[in-house]
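Below is one structure, written out as structure tokens; the observations come after it.
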Amino acid sequence: MIKIRLKCFSQVKYALGTNEIIFELEDETFTDDLEKLVRKKAEGKLDNVTLSTAVNKKYISKNIELVDGDEVAFIPPVQGG
Amino acid sequence: MIKIRLKCFSQVKYALGTNEIIFELEDETFTDDLEKLVRKKAEGKLDNVTLSTAVNKKYISKNIELVDGDEVAFIPPVQGG
Amino acid sequence: MIKVEIVGSSITPFDSNDNQKEKGAELIFNGRVRGTEHGKKIKMLEYEQYEEMAEKELRIIAQEAQNKFSIKDLLCRHRIGEVKVGETSLHVSIWSKHRKEGLEAMSFFIIELKKRVPIWKWAILENGEKIPSECKHE
Amino acid sequence: MIKVEIVGSSITPFDSNDNQKEKGAELIFNGRVRGTEHGKKIKMLEYEQYEEMAEKELRIIAQEAQNKFSIKDLLCRHRIGEVKVGETSLHVSIWSKHRKEGLEAMSFFIIELKKRVPIWKWAILENGEKIPSECKHE
């Protein structure tokens, strides 16, 4: 089992109603698996939202395997400026 | 006869050593004629200088006939900013 | 020099003085909160950030701008938290020898910031309700 | 609003306040005198203008920029006379709804200014000599 900290921002936060969720996941869980889980939890509220993935505060563009202690965020379109 | 006020700036002023010259010219003098006169007066010092023409403080792009009382400037490359 | 800061209160502009006498062009951008978001009247915006990551991304982009356009300095302050209508949320100051590279760097920096820096806007409506800015509220 | 001024002493920047709350982007350019002109060390520049025509041309260009890029305000102060190294000779402030049109208008305005506004630089060298800035001095 691995423990993953999910950080929630903007529409993800709004959809899930929380800043942060701790997941206990099976070994060999990949970022895409977690994204699917998160989208399911949002009950359709994220269906039209494009999400980028950050692992440990760095954008990643591939589907990678998560390791115990990782911090993950699915990043909705940013709006700085 | 027509009286023309020539205003001199930058390299034209430097070449002719003055701010202003009053010319008494024959009727039917055109801007190009006056430019030739000015370049001659400069004794070669304006040979490599491109000059635009302004009549009464407005750029003109054609060779026009001067009328009595006109103010003319041959404008070397500008350097504002 | 590169300096990026995420600040929680009113942005103080960077000092506008050329001490080195060789940076001929200074370009300053101030982005302010407008009175409407997507057609809705708002009282203020609340900017949310992904802490640490937002500043890190800003710094990466500033570095890219400096390498790409050979500007001398890029200074940036981005505000988070509540920002009232009319107040500055983004302040960028770019120093370069000539204006051209400064303008190009400014354009690049803001475009990339708006693509990549994990900062989001929440609209605080006139009735006090708070919603993610892009989110269509049922 | 358009405002252009040719000034004979230190340039005071325009006020940086959004009273209308709808002009989200402010872009400011400060052009300063660098310590060298065409490789020669200088003490200062002296800016010469064609009186009346310089201001008229500035206004024409500002108007063109406003029509072309739908910016809200363009404010410009250009200094003439002696300007010491490090001091501002050109100050432009552009207000627009979004940054994009502001950046394009700024670029256009300065390019056209440098092509058309009858203002010239004289270099005051360190020995006190005064020569037209582009002119190779024999």
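The values are calculated or read from the model by the stated rules, or taken from the named source; none is laboratory data. Fair warning: this is a prediction, and the values are worked out from it, not measured in the lab. Note that we place each Cβ from the backbone using ideal geometry, even for glycine, and neighbour counts take in every protein chain shown.
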- prompt: Of the numbered conditions (1) over 12 Å from the mean Cα position of the chain (by Cα); (2) exposed (fewer than 12 other Cβ atoms within 10 Å of the Cβ); (3) within 20 Å of A:S10 (Cα to Cα), A:E26 satisfies every one except a single condition; which is it?
  reply: (3)
query: In segment A:6-15, is there at least one residue being loosely packed, with under 15 Cβ neighbours inside 10 Å and out of contact with any strand residue (DSSP E or B) (no Cβ under 6 Å at 6 or more places or on another chain)?
result: no
- request: Would you check if C:K115 is of a type outside the set (A, V, I, L, M, F, W, C) and within 10 Å of chain A (Cβ to nearest Cβ)?
  value: yes
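Got at least one residue in segment C:96-103 being among the polar types (S, T, N, Q), buried (at least 20 other Cβ atoms within 10 Å of the Cβ), out of contact with any helix residue (DSSP H, G or I) (no Cβ under 7 Å at 6 or more places or on another chain) and modelled with pLDDT of 90 or more?
Step one: filter segment C:96-103 for residues among the polar types (S, T, N, Q), giving C:96.
Filter once more, keeping what is buried (at least 20 other Cβ atoms within 10 Å of the Cβ): C:96.
Pick out the ones that are also out of contact with any helix residue (DSSP H, G or I) (no Cβ under 7 Å at 6 or more places or on another chain) and you get none.
No.
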message: Restricting to segment B:57-66, count the residues that are within 14 Å of another protein chain (Cβ to nearest Cβ), touching a helix residue (DSSP H, G or I) at 6+ places or on another chain (Cβ under 9 Å) and either under 18 Å from D:E55 (Cβ atoms) or outside any strand (DSSP E or B) (or both).
response: 3
query: So, of the residues in segment D:68-87 that are surrounded by fewer than 22 Cβ atoms within 10 Å (Cβ to Cβ) and within 10 Å of another protein chain (Cβ to nearest Cβ), which turns out to be modelled with the highest pLDDT?
result: D:I80
- prompt: What residue, among those in segment C:44-56 that are in contact with a Phe, Trp or Tyr (Cβ under 7 Å, 6 or more places away or on another chain) and of a type in the set (D, E), is nearest to the other protein chains (Cβ to nearest Cβ)?
  reply: C:E48
task: State all residues of segment C:74-90 that are over 17 Å from A:V78 (Cβ atoms) and among the aliphatic types (A, V, I, L, M); if no residue qualifies, say none.
output: C:L74, C:L75, C:V85
field: Residue under evaluation B:K3, criteria (1) assigned to a loop (DSSP other than H, G, I, E, B); (2) more than 24 Å from D:K56 (Cα to Cα); (3) among the charged types (D, E, K, R), criterion not met
entry: (1)
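Filter segment C:108-135 for residues that are small (G, A, S) and surrounded by 16 or more Cβ atoms within 10 Å (Cβ to Cβ) and give the result. Outline the logic, then answer.
First, pick out the residues of segment C:108-135 that are small (G, A, S): C:123, C:128, C:133.
Across segment C:108-135, the qualifying residues are C:A123, C:S133.
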message: Pairs needed: first member in segment C:15-43, under 27 Å from C:H98 (Cβ atoms) and more than 7 Å from every other protein chain (Cβ to nearest Cβ); second member anywhere, in a strand (DSSP E or B) and at pLDDT 80 or above; C-beta distance under 8 Å; at least 6 residues apart or different chains.
response: C:K23/C:D73; C:K23/C:W95; C:K23/C:S96; C:K23/D:R32
field: segment C:100-112, subset among the aliphatic types (A, V, I, L, M) and at the interface with another protein chain (Cβ under 7 Å from one of its Cβ atoms), residue nearest to C:L75 (Cα to Cα)
entry: C:M106
- line: Expected single match for of a type in the set (S, T, N, Q), more than 20 Å from C:I2 (Cα to Cα) and touching a residue at least 12 places away in the same chain (Cβ under 8 Å) among C:Q63, C:Q49 is C:Q49
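May I ask you to list the residues in segment A:29-50 that are polar (S, T, N, Q) and either touching a residue at least 24 places away in the same chain (Cβ under 8 Å) or surrounded by 17 or more Cβ atoms within 10 Å (Cβ to Cβ) (or both)?
Keep residues of segment A:29-50 that are polar (S, T, N, Q), which gives A:29, A:31, A:48, A:50.
Hits for segment A:29-50 are A:T29, A:T31, A:T50.
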